[in-house]
Number of protein chains: 2
Amino acid sequence: MRWVMVALIGIVTGTIAFLINVGIHYLRLLKYQGFFRVYELTRDSGTIFLALLVIAGFNVFCSIFAGILVAIEPIAAGSGIPEIKCYLNGIRMPRVARIRTLMAKACGVLFSVAGGFLVGKEGPMIHTGAIVGAGIPQLRSFIWKKLRLPYPYFRDDKNKRDFVSCGAAAGVAAAFGAPIGGVLFSLEEGSSFWDQGLTWRSLFCAMCSTITLNLLLTGTPLVPEAKFGELDQPGLINFGRFSNGGSGGNLWTFPYLFLFILIGAGGGLLGAWFNSLNKRLTIYRMKHVFRKNFFYKMLEVILIAMVTTVSFFILATLLGTCVPVITRSEQQFANSTRNFFCPTGVTFSTIKFNDYFNDLATLMFNSEEDSIKQLFHQDGAFTLPTLGLAFICYYFIACWTYGAGLPSGLFVPCLTIGALYGRFIITAMQTAGIPTAIDPGTFALIGAAAFLGGVVRMTVSLTVILIESTDEIEYGLPLLVTLMVAKWVGDLFNEGLYDIHIEVKEIPLLGWDSPEKVDRLTATDVMNPDLKYIYPISNVGNIERLLTKTKHNAFFVVTAPLSASTEDTTSSIGVSKQSPLLYKRQSMHPIHRTKLMEQRRRRKEALKRKEYKEATINDDGESSGATPFSSGAVEGLHDNANNAFTFLGLILRSQLVKLMHNRIFFDEENGVETQHCIKHEELNEDYPRFKRIDDIELKEEDKRMQMDVSLYMNPCPYTVSYHAPLRRVFNLFRTMGLRHLPVIDNSGKAVGMITRHDLTHEHLHKALHAKSRHSNNDND
Amino acid sequence: MRWVMVALIGIVTGTIAFLINVGIHYLRLLKYQGFFRVYELTRDSGTIFLALLVIAGFNVFCSIFAGILVAIEPIAAGSGIPEIKCYLNGIRMPRVARIRTLMAKACGVLFSVAGGFLVGKEGPMIHTGAIVGAGIPQLRSFIWKKLRLPYPYFRDDKNKRDFVSCGAAAGVAAAFGAPIGGVLFSLEEGSSFWDQGLTWRSLFCAMCSTITLNLLLTGTPLVPEAKFGELDQPGLINFGRFSNGGSGGNLWTFPYLFLFILIGAGGGLLGAWFNSLNKRLTIYRMKHVFRKNFFYKMLEVILIAMVTTVSFFILATLLGTCVPVITRSEQQFANSTRNFFCPTGVTFSTIKFNDYFNDLATLMFNSEEDSIKQLFHQDGAFTLPTLGLAFICYYFIACWTYGAGLPSGLFVPCLTIGALYGRFIITAMQTAGIPTAIDPGTFALIGAAAFLGGVVRMTVSLTVILIESTDEIEYGLPLLVTLMVAKWVGDLFNEGLYDIHIEVKEIPLLGWDSPEKVDRLTATDVMNPDLKYIYPISNVGNIERLLTKTKHNAFFVVTAPLSASTEDTTSSIGVSKQSPLLYKRQSMHPIHRTKLMEQRRRRKEALKRKEYKEATINDDGESSGATPFSSGAVEGLHDNANNAFTFLGLILRSQLVKLMHNRIFFDEENGVETQHCIKHEELNEDYPRFKRIDDIELKEEDKRMQMDVSLYMNPCPYTVSYHAPLRRVFNLFRTMGLRHLPVIDNSGKAVGMITRHDLTHEHLHKALHAKSRHSNNDND
């Protein structure tokens, strides 16, 4: 069943990728055809600005569309990769994986790419794939609500995260034709540990997606030279084969290796600067643009569109150099050159003589993919000023664009900028008379890798993606060296752009390593000692008050204290001070009660187990509700050892609300047997749209009822000892994807709770500071 | 410092790989030159058996050498990959990573490959890399024992495992020229979760190894056509470019995809059969050959050598077909054809006419790499009977060879067999008149992938390695499909060959997923309830008795019982029944004692912390000894709650022995202050060669001493609640690389211990059985 799901995810992702591609293709065709027709008409009459008007109008039109879509669903802005990263890290991001986001993102990217922005469609594609991954297994709940298919629900965090991983892999596979790279990407960003089953599934998903896309691409007239059924169009980006690939061997010698290291270092520097500029811009933007209303956002987007279009047009017209076309008949990209104000040649029986093209226009009035191809494959055509100008122009505009209210990928712009950078260096070297045996396109590729590595700082997965999308394994080693150097150099200055955006948005993402110096901290130092707890059997009114007054998402279930005096030792607004009736019961014979309860529960469990044999114990550590108590074996050994506040389990806010909503409580007088039962699946069926406590109306008599939560709590979440080193806490969170980690003392008492927010850099620094001050005081 | 280490590991691995390669090259040259000289002399005189004698003699000679080396160090037998897998899984394998093993393995593989066995040098190369990884960071302890370099020791399990991962990646990189594949391999097999730092380090290590190897290969006359400094010899195996690679595009159409799926399924079947044959053989061999003395092992090895040589010779002589040479001047492998009894042609100004070669001899009297290249690139040269015969011959002999007392890789033989299989199918199809557009070499590649996938069942990493070593990214998708199908089909029947060998050796490897049906089990069901515990302050003689009488590797440290009556509730031969003096002390004022202790300890800690600021808290969960207690914050909250048998910490056997050896104990009369201190590093300095308890002589008065272990125990290992589902236990073990997991009840009491052996399939099935019987009884 899972495999079918996964295949479906792959196929749907591939199809959406295809649709986006077709859309962009035709929009672009429309744009450039219109533009060049007007250009042809007006070039001699001096009213060339009309052509500018056409293209600018088109772009503004597109930008308005894209802006409106983003305004409808703000999370569709940006590349989506930071969001996916957070999601896979275990953070609950509202609205990230909704159908509406999918629509906004997919249509938005159509317009933003077609609108001439310096954005790529790859990041959004990955986001799209992830949404599909999240959505497909839950289709039933949207469409066939009534149809009861005999498959499990997959409606908990762990499963959903796995499907999202698969979807992201499929997205990468569709975008770059890189199934292996996709799997690595989703593993690197998302999964907590290498799970072989998941790896296989995401690989399968990525393959389905690639093959689907391939079939569709070759089956439609979009790629004219491909025949249906051939397997050579695995992705949307294809950089083509390099001219000295295939010539075998003598490509890389050691002197070049040093050159690559230098280029890598340069790319890292440029990337770090790009990131720091963009960070400042983003902070400024969040303060001054996004705070204000929708109109400002739109205005910025339109402004970007105008500036991009006009500056490109003016630069291409005034500063472009006319370069003769070197005819290489086998090159399919030859028709993407632009001859913009350059003399056209004479065509003599299919061979053109004296044909020129405008190099700057070729770079600027093309899709970015075509520009990259030109940079990679066009032999000795671009002049130094052209490359420099284009580089500067692209660099700043791309930096401005990323983060605006647009669906915008980062990959392709970075590759373009990097290719310009690499090409600039090689051209400069050639101009300076330094002989190079390697063709300039290769340098463009190395430069592209260096800059991309400097900006996003991805690692192995990025290398694999680049290798897969360039179709050249021979470049593996040089690319690897370049990327590594770029990352190192960049890391000296700041973080990767995605991480910067996550940081700016103040999302508590857990990084790879726990920050340094935290070795001195222990769980006690970071935990929140303000316990919010309930008893296994509590008063409903009290629970409601607890839920209303606090914002915590998980609550301890602890044994009640034996005597009233111990009750106030912890500062808590819990339910401890009320319910004398309950209290009496417990203080009378707590041990007998527990034992009785235990037996009754066990009998019930046995009955239940027969009924729902499918209900497996869920090991997510978070969402598992009613794990049956283990029967037998150690029984009687510890029943008598439960002291006050002994930790019994964890219950989530959503579960409490659901229990309350379904009126799972009992009247004190009738006894606990009168409490209804609810299935474990029902408890979580609202996922991910849980009810809120405010939505529930309780009558006065309900509030006097008691609720037995012991059946529904998670009796054995991951816990940590109070003097455990922080590194362990970090590892547990990171590896198991936890959200709450109870801290327990030696005797099993709950002493605090650690959440993700307690592990952010900021919070840790504060804790460290507090601790060092504390110990200084001790020494004095 | 780590990075320097890692670079060193890479460089050394690359150098060793190069040396092995050179050795094999010259031994082989010697062999074939000698053989063909005798062959030339005798071919017309009818005494051809003399040539057979020469080659057989040489091979037997080699096999004796290899056999002796393995006899010296038995763990050097086999490919080493299962051993590395177990090591990285967290199992302590004795002697796996010693220098002596390295020597035996490296020299052994030299002779076993040169001796004409059907073995590869890749597995051993990976093992070699891993040993280098384990050894380099500990060089100091061998060589510069006196030299105190200012770097940390890296002498605990976690760090060592990381270095071994790097080394294994370097080994793969050297063997296949596949740095990315190497990293994936070591991640897939080894690491518990994707640690970005580790990934980078192993990538760097793999790159160093590849570049070193490349430099050495191009710098020596071994590869005559390579110029020094070129980067085109990244690995020892290079399959060369495919003839229709580079022609662009039209390679894969959908009908072929189905063909690939069929080939993959066939490869899976053949692989599964291979595995099952080899399993039976290995079991038989372990019973009847390895049990007996050294002589039998040697005899088997020599027998294999004889059978291989003689059968190849006879087959090549009698059944080889003479095939005309198709001259393709650009092919460097053309000189590896053998014309063995076939008419040689006339050489006319560098072009040969009417030259024939014996196809079977070409396959059989070559290095396996050359055979593979022939199969991949020789156009239409092999006849159907030749291929079939060679396939059968290789299949059975390789199956026999793997697992014998030889260093023997599995990759290359499997690739050869698979290539024969693929080539056989395409030749059969061509003979049957089915037209195919793809050149037969491609089919050989697909077949090789299918069979290899069917045998070893590796996944993503295997694909990447194959892609990297074939230098053809275009084949990525077809290879992926084939491998996936092969794995699926094979998994229907049995496990991968490495896993089979691990299983046969009864090593408690933890697989990827917990086995099915265990969802019903909890920690209680699998734990060992037979507690072995000591108190924080115990009598030395009792500890010694405990260590001598049990074989456990970790012991609980628990609080002493308050009254004598509770003492016997757990069945234990611990130290609970003695030491009235200690007992009196504790029962008198346990709380005061603990508090006093705690304060004293904390003061000591503060002093210590100043002294060794470098000593960080180790999060390995196993080997961390004296983690300082956290100061402050929750103090006083729980000191009074420590009941009898409350779990305080875990102490390892090795630590206890070390403490005893260093006489870290005190006389009852002088008080605990007189106990010496020992640094945390010293506690583990003997790693991995810990002293045994038998090595320590204790005097009678020593036995009356008391030992305070509270400073040296690990106060917060990972623990698990007694009713935690087994899946969680599994995840913790798998992810954190644990060896012991204490089971704790709600009130913090120790109730049992789970070790790796408790999680083997066998043990789990037993537990499941016991549980179901138990619950049936309950129902009756």
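The values are calculated or read from the model by the stated rules, or taken from the named source; none is laboratory data. Quick caveat: nothing in here was measured; it's all calculated off a predicted structure. Quick reminder, even Gly has a Cβ in these numbers, built from the backbone with ideal geometry, and neighbours come from all protein chains shown.
For the reader, a short list of remarks on this structure follows.
- Residue count for region B:403-413 satisfying the condition of being aromatic (F, W, Y) and at pLDDT 85 or above: 0.
- Whichever residue in region A:201-216 is among the polar types (S, T, N, Q) and at the interface with another protein chain (Cβ under 9 Å from one of its Cβ atoms) and, among such residues, is farthest from A:F176 (Cα to Cα): A:N214
- Criterion: farther than 15 Å from B:T482 by Cβ and within 29 Å of the chain's Cα centre (by Cα) - qualifying residue of B:G447, B:G409: B:G409
- Only one of the numbered conditions (1) at pLDDT 70 or above; (2) in contact with an Asp or Glu (Cβ under 7 Å, 6 or more places away or on another chain) is not met by A:N714, and that is (2).
- Note on region B:701-728: among residues that are closer than 17 Å to B:L659 by Cβ and among the hydroxyl-bearing types (S, T, Y), the one that is farthest from the other protein chains (Cβ to nearest Cβ) is B:Y712.
- Residues in region B:88-132 that are modelled with pLDDT under 85 and farther than 30 Å from B:A56 by Cα: B:L88, B:N89, B:G90, B:I91, B:R92, B:M93, B:P94, B:R95, B:V96, B:A97, B:R98, B:I99.
- Residues located in region A:729-748, provided they are at pLDDT below 75 and either more than 25 Å from the chain's Cα centre (by Cα) or facing another protein chain (nearest Cβ under 8 Å) (or both): A:N731, A:R734, A:T735, A:M736, A:N746, A:S747, A:G748
- Test: B:L52 is farther than 15 Å from B:L410 by Cα and in the same structural domain as B:V22 (by TED's automatic domain parsing): yes
- In region A:750-762, of all residues being at pLDDT 75 or above and over 21 Å from A:E189 (Cα atoms), the one that is nearest to the other protein chains (Cβ to nearest Cβ) corresponds to A:V751.
- For region B:446-457, the criterion of being of a type in the set (F, W, Y), buried (at least 21 other Cβ atoms within 10 Å of the Cβ) and either at pLDDT 80 or above or not in a loop (DSSP other than H, G, I, E, B) (or both) is satisfied by at least one residue.
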